[in-house]
Amino acid sequence: MVDTRDTLEGCDPILCAALLRKVDGELVSMMRSLTPAEWGYQTLAPQWQVRDVAAHLLDTALRKLSLVRDGWFVESANPQTHQEVVALVNRLNQEGVTVYRRLSPTVLIELMIGACDASASFHESLDPFAQATFNVSWAGEERSLNWFDTARELTERWHHQQQIRLATGRRGILTRELYHPVLDCFVRGLPHAYGHTTAPEGTNILLEIVGECGGKWVLTRGAGSWGFCREMPERVACAVRLPQEIAWRVFTKGIGRDSARELIGIEGDQHLSGGILGLTAIVG
């Protein structure tokens, strides 16, 4: 039986600008604790060691400030397709990592402190309901508001830090304050992920991320598109229960789909779970 008293999520803005400073504070503290050997440990990202992930976090913070805060566009790029967006982002990411991975840990941390402070201040200054410079493409949006772009930024800072923590055996930052908004942002990509999934109007799919940082979201088929319910429906065609420990890995290509399927619970129409396991809430 579905508990109709449960609160559903997915409909309200994620106002999380103040959390960037906290997540980055955890990042800097963790980086300071790494041993020289740990900077060379392999992460979940196949081509990136710990130093590469740290370099990526520095590069993307500086790149965002240059492009969005300062309006400094050095090269012309106007990708038209999803494949072109992915190719562009992958190229920029690799170029940044190639440069910043050469830095010593001390220099990288010093630069990271300044970049994180400037990035947090910038996002805190934005009108969350104004149009963002860049759309959240993995959610299928052609235009996004600043609150969604800032939430996306939080997911990037959080999940790449988590990759380092996992690689080096550090305790993860699985607190509700910092992890729940990340999960809520990831899940906002589900309507787009289900765009090619056919189902009768009124079909409901429940996603429950289990754990103190998790929550419940119900995706419903409307007239021609999918969206989120504000109230628990009487019936769901499929219920997926995903442990919070692996949820971030499912949505960031950090675990294989077959491996993930063995760790989750699915009730009802198995076919309708495919969009959840297929959601990729990153570009690249």
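Summing Cβ point charges (Lys, Arg +1; Asp, Glu -1) relative to the Cα centre of segment 101-176 gives a dipole of roughly 580 debye. Inter-part distance, segment 225-275 to segment 55-91, computed on C-alpha centroids, equals 31 Å. On a 0 to 90 degree scale, rounded to 10, what angle separates helix 105-125 from the longest Cα axis of the chain? The helix 105-125 is inclined about 50 degrees to the chain. Using the 1.4 Å probe convention, the accessible area of the chain works out to 49 Å² per residue with neighbouring protein chains retained. Could you work out the local net charge near V99, counting Lys and Arg as +1, Asp and Glu as -1, over the other residues with Cβ closer than 14 Å to its Cβ? In short, +2. For segment 153-166, putting each phi into the Karplus relation 6.51 cos²θ - 1.76 cosθ + 1.60 with θ = phi - 60° gives couplings of 4, 4, 4, 5, 5, 6, 6, 5, 4, 5, 4, 5, 4, 5 Hz, in residue order, rounded to whole numbers and with x for Gly and Pro.
Considering only protein heavy atoms and a probe of 1.4 Å, how much of the accessible area of segment 74-178 is carbon and sulfur, as a whole percent? Within segment 74-178, the accessible surface is 53 percent carbon and sulfur.
Take segment 112-187, drop everything but the C-alpha atoms, weight them equally and run the Debye formula without solvent; then report log10 I(q)/I(0) at 0.13, 0.18 Å⁻¹ to two decimals. Log-scaled intensity ratios, in q order: -0.45, -0.82. Decide, for segment 1-98, between rounded, prolate and oblate: order the square roots of the alpha carbon gyration tensor eigenvalues as a ≥ b ≥ c, take rounded if a/c falls under 1.5, and otherwise choose prolate if a/b is larger than b/c, else oblate. Because a/c hits 1.5 or more and a/b fails to exceed b/c, segment 1-98 counts as oblate. Only the Cβ atoms of Lys and Arg (+1) and of Asp and Glu (-1) were treated as charged; on that basis the dipole of segment 1-102 about its Cα centre amounts to roughly 440 debye.
I want the local charge near S259. Using Cβ-Cβ distances under 15 Å, sum +1 for each Lys or Arg and -1 for each Asp or Glu among the other residues. Here the charged neighbours net out to +1. Within the chain, antiparallel bridges make up roughly 70 percent of the DSSP beta bridges whose residues both belong there.
If you plug the beta carbon distance of H196 and R230 into 1/(1 + (r/R0)^6) with R0 = 30 Å, you get a FRET efficiency near 0.75. With coordinates expressed along the principal axes, the C-alpha atoms belonging to segment 172-243 extend over 40, 23, 18 Å, beginning with the largest. For segment 130-284, a/c is not less than 1.5, where a ≥ b ≥ c are the root eigenvalues of the C-alpha gyration tensor, and a/b does not top b/c. That puts it in the oblate class. Placing +1 on each Lys and Arg Cβ and -1 on each Asp and Glu Cβ, with no other charges, gives the chain a dipole about its Cα centre of roughly 620 debye. The alpha-carbon of K64 sits under 27 angstrom from the alpha-carbons of these lysines, leaving out residues fewer than 8 places away in its chain: K22, K253.
Once the Cα-Cα distance is subtracted from the 0.36 nm per residue extended length, the E262 to S121 segment shows a gain of 46.6 nm. Sorted from greatest to least, the principal axis extents spanned by the alpha carbons of segment 222-284 come out as 33, 26, 20 Å. When the solvent-accessible area of segment 206-284 is split by element, carbon and sulfur atoms take up 45 percent of it, the probe being 1.4 Å.
Each of V23, I205, N93 was placed along the dipole of the chain (beta-carbon charges, centred on the mean Cα), and the one lying farthest toward the positive end is N93.
The values are calculated or read from the model by the stated rules, or taken from the named source; none is laboratory data. Because the structure is a prediction, the values reported are computed rather than measured. All Cβ positions, even for glycine, are placed from backbone atoms using ideal geometry, and neighbour counts span all protein chains on display. Surface accessibility is based on the protein's heavy atoms, side chains included, excluding ligands, DNA and RNA. Shrake-Rupley method; radii C 1.70, N 1.55, O 1.52, S 1.80 Å.
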